[in-house]
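The structure appears below as structure tokens.
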């Protein structure tokens with residue numbers, strides 16, 4: 001059996017490629033495709049580039065500047081979200097998936113654009129390794145929240161008052177800026193028993209732009225189990 005993840009906890013190249021192939025089978029010529037950000041999404045974009053080079057007529061809406069740059073290098077035609085009435089299918093990864101197919105996203109930093117593209121899509125396809133499946137959201141201990149820089153300190157204090165202590169995400173000692181020019185607060189969480197309530201509470205804080213909670217948005221979750229891909233069948237909430 002192939003490992004679902006490598007020694008660093010990342011989805012293996014075999015797993016990413018297998019998931020990408022399953023997602024590519026859902027794309028038809030003439031469609032507009034939402035292009036996600038992250039390891040599994042990158043494998044999909046690379047596969048889509050190969051199909052486009054072979055004659056598949058698609059246009060992409062990228063969820064990050066990094067994905068847009070990759071798509072251009074691969075010859076995928078890009079279109080702005082404002083210039084398309086609908087996205088036929090959006091393909092992306094996730095950081096957590098619960099039994100109802102609700103998600104936490106944003107470890108890669110593109111959560112706001114990813115959420116907009118997913119909401120604009122007729123079909124949202126999520127690609128994950130089995131290690132991303134959790135019994136309850138928050139199990140991996142982290143919930144990203146995007147905030148405007150002006151309100152970062154204020155939002156941190158409000159989050160802490162709610163029991164969601166947060167740190168500004170940094171890289172090489174410097175705050176990480178999103179493609180929107182905002183900052184990311186990584187909330188330390190354990191379990192989120194009522195994700196919808198928490199999402200509404202966080203979004204009500206002035207300065208919060210988006211949370212990493214993607215609730216009730218997923219039509220299809222494809223899971224790499226280590227030797228095969230399967231579609232997650234969402235459990236019915238009690």
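Residue-by-condition table, conditions (1) within 20 Å of residue 139 (Cα to Cα); (2) part of a strand (DSSP E or B):
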site	(1), (2)
187	yes, yes
209	no, yes
218	yes, no
221	yes, yes
235	yes, no
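Answer yes or no as to whether residue 207 is over 29 Å from residue 13 (Cα atoms) and modelled with pLDDT of 95 or more. So residue 207 passes the test.
Each row is one residue, and each column tells you yes or no for (1) within 22 Å of residue 120 (Cα to Cα); (2) at pLDDT below 95; (3) touching a strand residue (DSSP E or B) at 6+ places or on another chain (Cβ under 6 Å); (4) not in a helix (DSSP H, G or I).
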residue	(1), (2), (3), (4)
9	no, yes, no, yes
29	yes, no, no, yes
37	yes, no, no, yes
46	no, no, no, no
52	no, no, no, no
75	no, no, no, yes
90	yes, no, yes, yes
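The residues of the range 103-129 that are part of a strand (DSSP E or B), more than 22 Å from residue 170 (Cα to Cα) and touching a residue at least 40 places away in the same chain (Cβ under 8 Å), listed by number, are 103, 121, 123, 124, 125, 126, 127, 128, 129. Here is a check on your reading of the model: is residue 121 crowded, with 18+ Cβ neighbours inside 10 Å, in contact with a strand residue (DSSP E or B) (Cβ under 8 Å, 6 or more places away or on another chain), more than 22 Å from residue 224 (Cα to Cα) and assigned by TED's automatic domain parsing to the domain that holds residue 88? Spelling it out, residue 121 is indeed crowded, with 18+ Cβ neighbours inside 10 Å, in contact with a strand residue (DSSP E or B) (Cβ under 8 Å, 6 or more places away or on another chain), more than 22 Å from residue 224 (Cα to Cα) and assigned by TED's automatic domain parsing to the domain that holds residue 88. Look at (1) surrounded by 14 or more Cβ atoms within 10 Å (Cβ to Cβ); (2) within 20 Å of residue 112 (Cα to Cα) and you find that residue 165 fails only one, number (2). Scanning the range 16-27 for residues that are surrounded by 18 or more Cβ atoms within 10 Å (Cβ to Cβ) and either in a loop (DSSP other than H, G, I, E, B) or touching a helix residue (DSSP H, G or I) at 6+ places or on another chain (Cβ under 8 Å) (or both) yields 16, 19, 20, 23, 27. Residues of the range 138-168 that are outside any strand (DSSP E or B), in contact with a strand residue (DSSP E or B) (Cβ under 7 Å, 6 or more places away or on another chain) and in contact (Cβ under 8 Å) with a residue 40 or more places away in the chain: 139, 140, 141, 148, 152, 155, 159. Note on the range 71-94: residues that are touching a residue at least 24 places away in the same chain (Cβ under 8 Å) and surrounded by 12 or more Cβ atoms within 10 Å (Cβ to Cβ) total 15.
The values are calculated or read from the model by the stated rules, or taken from the named source; none is laboratory data. Because the structure is a prediction, the values reported are computed rather than measured. Cβ: placed from backbone, ideal geometry, glycine included. Neighbour counts: every protein chain shown.
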